[in-house]
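Right, one structure below, let's go through it.
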Amino acid sequence: MRLPMKGEEVDIPQTKEMVDAFLEAGFNYFDTAHGYLQGKSETALREALTSRYPRESYVLADKLTLNYIKKPEDMEPFFQKQLMLCGAEYFDTYLIHNLGEAWYPMAERVGAFSFLFDLKRRGLVKRIGFSFHGTPQMLEQILTQHPETEVVQLQINYLDWEDEALWAKECYEIARKH
C-alpha cells in the first residue's frame, strides 16, 4: 500500500532492499491489492519479491477489490490478472477487500465468498477471507453468515485499542471468537 516512490513510479531498487531486509529479519508475509498505488504495488512485488525468491520463502496475500467488479463474471479475469501481475501461480491468502457496511452487500450480490471458495477448491489459493473496516456488528454478521472464512485481516492500532469509534478491541474479540 505504501512503497517508496520516485515521482509517480515505485522505487524498485529501494523496494528490493526493503524486501531483502524484511526476509533476512525472519519475516515473510507480503500483502498487496490491485488498487494500491494504482496497480503498481502488484508489479513492484513481482520485481522485488516473486521473481527473486523461491516461492516457499514467503507468504503472499492479495485481495479481490470489489470496486473493479461489476458482475460475477468479472471476478475470474480479475483474479487471473492479479496472478500474472504478481508473478505468482497461487496466493497463500486471498481476501475480499475492505468489507464493512459499504461493500458487504456488493460481495453478497456478486457471490464473492463462493468465488473464493472455488479458487481454494481449485488450488489457486490456500486460505480465504476478507479485510475488514466496519462495525463489530457487521463483523459478527459476516462471520456468522460465512463460517468458511479462514482469515480476517483487521486494521489494529494498539494505541486505539479502547477507542469507541474504531472498535479495534471489539473486532479483534469477535474474530477470535469465530
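The values are calculated or read from the model by the stated rules, or taken from the named source; none is laboratory data. In this text, all values refer to a predicted model and were calculated from it rather than measured experimentally. Glycine also receives a Cβ, built like all others from the backbone with ideal geometry; neighbour counts cover every protein chain displayed. We work out accessible area using only protein heavy atoms, side chains counted, and drop any ligands, DNA or RNA first. Shrake-Rupley method; radii C 1.70, N 1.55, O 1.52, S 1.80 Å.
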Exercise. Enumerate the pairs (first residue in the stretch 159-174 and farther than 16 Å from Leu99 by Cα; second residue anywhere and in a loop (DSSP other than H, G, I, E, B) and of a type in the set (Phe, Trp, Tyr)) with beta-carbon separation below 8 Å, excluding pairs fewer than 6 apart on the same chain, so at least 6 apart or on different chains.
Key: Lys169/Trp161
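Could you pull out the residue among Pro147, Pro136 that is open to solvent by 80 Å² or more (accessible area, probe 1.4 Å) and over 13 Å from the mean Cα position of the chain (by Cα)? Give the derivation first.
Numbers: Pro136 fails: open to solvent by 80 Å² or more (accessible area, probe 1.4 Å).
Just one listed residue meets the conditions, Pro147.
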Exercise. With the condition kept exactly as written, say whether any residue in the stretch 88-106 is of a type in the set (A, V, I, L, M, F, W, C), assigned to a helix (DSSP H, G or I), within 27 Å of Phe117 (Cα to Cα) and open to solvent by less than 80 Å² (accessible area, probe 1.4 Å).
Key: yes
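Inside the stretch 18-29, can you point out the residues that are open to solvent by 80 Å² or more (accessible area, probe 1.4 Å) and either closer than 17 Å to Lys126 by Cα or in contact with a Pro (Cβ under 9 Å, 6 or more places away or on another chain) (or both)? Lay out the reasoning, then the answer.
Residues of the stretch 18-29 open to solvent by 80 Å² or more (accessible area, probe 1.4 Å): 18, 24, 27, 29.
Correct list: Met18, Tyr29.
Of all residues in the stretch 168-178, which are open to solvent by less than 80 Å² (accessible area, probe 1.4 Å) and either among the small types (Gly, Ala, Ser) or farther than 21 Å from Tyr94 by Cβ (or both)? Walk me through it before giving the result.
Of the residues in the stretch 168-178, the ones open to solvent by less than 80 Å² (accessible area, probe 1.4 Å) are 168-171, 174-175.
Correct list: Ala168, Lys169, Glu170, Ile174, Ala175.
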Exercise. Any residue in the stretch 102-119 that's over 17 Å from Val151 (Cβ atoms) and basic (Lys, Arg): show its pairings with residues that are open to solvent by less than 80 Å² (accessible area, probe 1.4 Å) and in a helix (DSSP H, G or I) at Cβ separation under 9 Å, as long as the two are six or more apart or on different chains.
Key: Arg109/Pro72
Quiz item: Can you name every residue in the stretch 30-71 that is open to solvent by 60 Å² or more (accessible area, probe 1.4 Å), closer than 28 Å to Gly111 by Cα and assigned to a helix (DSSP H, G or I)?
Solution: Gln38, Asn67, Tyr68
Quiz item: Val152 is checked against (1) part of a loop (DSSP other than H, G, I, E, B); (2) modelled with pLDDT of 95 or more and fails just one. What number does that condition carry?
Solution: (1)
